[in-house]
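The values are calculated or read from the model by the stated rules, or taken from the named source; none is laboratory data. This structure is a prediction, so every number in the text was calculated from the model and none was measured. Methodologically, a virtual Cβ is constructed for each residue, glycine included, from the backbone with ideal geometry; neighbour enumeration extends over all protein chains shown. Quick note on the areas: whole protein, heavy atoms, side chains included, nothing else; ligands and nucleic acids left out. Shrake-Rupley method; radii C 1.70, N 1.55, O 1.52, S 1.80 Å.
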Amino acid sequence: MSTGDLVFGDEDGVVFVPAAEAEKVFQAAESVRDTEQRQAARIRSGTSLRKQVGFADFLRRREEDASCTFQQHLRAVGGAVEE
């Protein structure tokens, strides 16, 4: 941490960011927020998160390819939030 750092926080924690990177980090945070809000809206309308992210498909793929990670699967189906 240095005097040029900014601190952002919410109920999940805090992050220290160099001021020069603040815009990039803020845009990423907005993307995460937007994805989570879309997922939550679909859950409220009756579509489980498991169905949204194709969890059954991931499990089938994982049986065929043990190196496949859930994060890779989420990226492929557009369900990753922390990118």
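What residue among VAL14, GLY54, GLY4 has its Cα farthest toward the positive end of the dipole of the chain, where the charges are +1 on Lys, Arg and -1 on Asp, Glu, each on the Cβ?
GLY54
Which cross-chain or sequence-distant (5 or more) residues have an amide H under 5 Å from the amide H of LEU6, H modelled 1.01 Å from N in plane?
Here the answer is VAL17, ALA19, since their amide H atoms fall under 5 Å of that of LEU6.
Hey, what number do you get for the chain at 222 nm if only DSSP H runs of n ≥ 4 count, each worth -39500 (n - 2.57), divided across all residues, to the nearest 500?
Helix contribution divided over all residues of the chain: -16500 deg cm²/dmol.
In terms of solvent-accessible area of protein heavy atoms at a 1.4 angstrom probe, what is the ranking of LEU59, LEU74, highest value first?
Descending accessible area places them as LEU59, LEU74.
For the range 42-50, take each phi angle, set θ = phi - 60°, evaluate the Karplus expression 6.51 cos²θ - 1.76 cosθ + 1.60, and give the result in whole Hz per residue in order, putting x for glycine and proline.
Working through the residues one at a time gives 5, 5, 4, 8, x, 9, 5, 5, 4 Hz.
Taking the Cα centre of the chain as the origin, how large is its charge dipole in debye, to the nearest 20, when only Lys and Arg (+1) and Asp and Glu (-1) carry charge on their Cβ atoms?
Dipole about the Cα centre, nearest 20: 580 debye.
Using Cα pairs closer than 8 Å and at least 6 residues apart in sequence, work out the relative contact order for the chain, in percent.
Computed value for the chain: 23 percent relative contact order.
How big is the chain by Rg and Dmax over its Cα atoms, in Å?
When restricted to Cα atoms, the chain yields Rg and Dmax of 16.5, 50 Å.
Could I have the simple spin-label model distance between PHE70 and LYS24, label points 7 Å from Cα toward Cβ, reported in nm to one decimal?
2.8 nm
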